[in-house]
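Remarks on the structure that follows.
Just so you know, all these numbers are worked out from the coordinates, no wet-lab data involved. Only a predicted model underlies this, so the values are computations on that prediction, with no experimental measurement involved. When we count neighbours, we look across all protein chains shown, and the Cβ atoms used for this are built from the backbone with ideal geometry, even at glycine.
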Ligand SMILES: [Zn+2]
């Protein structure tokens, strides 16, 4: 390793924010002290951070493994039904999306706490979903709120075709 290392302190890579040099190694270069988004501190080689080999203190990998296990369990990760559930959650939580913020978050549109768990959403909505799909097809089965001023919970949700949905909503389609 020749020359002066590039100072990457203060930069952010994935979940890691580089704080300062931790140590130097004659062949492997600089090891940096970093703070992870979760609050932990960790050290890593510069190349590891920059190439994304190391994205976090280890918490990210743990989360991925946990969700992989979870996906194996219910086996629906790649299904449209699962994506509808995930999109619903995004609409109510993604404050960085101006559209979601305006039409959902600022209006106080939320999903019921039970539905933060996929299993509960599935228990409440999957049977009707399958029935609707049978009749109208997957593409034309969207999650609709009966009262657009209210949030996502069982009594206020139904499956609707895109046409029904747009009649019910001045805004955009919700699936
Ligand atoms: Zn972490």
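Could you please state, rounded to a whole Å, how far the C-alpha centre of the stretch 114-162 is from the C-alpha centre of the stretch 37-112?
Taking the Cα centre of the stretch 37-112 as reference, the centre of the stretch 114-162 is 22 Å away.
Sum -39500 (n - 2.57) across every DSSP H segment of at least 4 residues in the chain, then divide by the residue count to get the 222 nm mean residue ellipticity, nearest 500.
-11000 deg cm²/dmol
Between residue 47 and residue 164, what is the label-point separation in nm under the 7 Å Cα-to-beta-carbon projection?
Output for this residue pair reads 5.8 nm.
Which semi-axis lengths, in whole Å and largest first, follow from the square roots of five times the eigenvalues of the Cα gyration tensor of the stretch 91-142?
In descending order the semi-axes read 26, 15, 8 Å.
Points 7 angstrom from Cα along the Cβ direction at residue 7 and residue 114: gap in nanometres?
Spacing of the two 7 Å Cα→Cβ label points: 5.7 nm.
Extension gain residue 25-residue 107, at 0.36 nm per residue separation less the Cα-Cα distance, in nm? Provide the component values of the computation, followed by the final result.
Values: separation 82, 0.36 × 82 = 29.52 nm, distance 5.42 nm.
Gain on extension, residue 25 to residue 107, equals 24.1 nm.
So for the chain, considering every pair of alpha-carbon atoms, how many percent are separated by more than 31 Å?
Values: 5996 of 15225 pairs.
That tail contains 39 percent of the Cα-Cα pairs.
Helix 80-93: angle to the longest alpha-carbon principal axis of the chain, degrees 0 to 90, nearest 10?
Helix 80-93 and the main axis of the chain meet at about 70 degrees.
Taking the chain as the reference, fit the longest principal axis to its C-alpha atoms, fit the long axis of helix 118-136 to the helix C-alpha atoms, and give the angle between the two in degrees, 0 to 90, nearest 10.
So the inclination is approximately 50 degrees.
For the chain, take the longest principal axis of its alpha carbons; what is the angle in degrees between that and the long axis of helix 59-74, to the nearest 10 within 0 to 90?
Orientation of helix 59-74: about 30 degrees from the principal axis.
Taking a ≥ b ≥ c as the square roots of the Cα gyration tensor eigenvalues, with a/c under 1.5 meaning rounded and otherwise prolate when a/b beats b/c, else oblate, which class fits the stretch 74-174?
oblate
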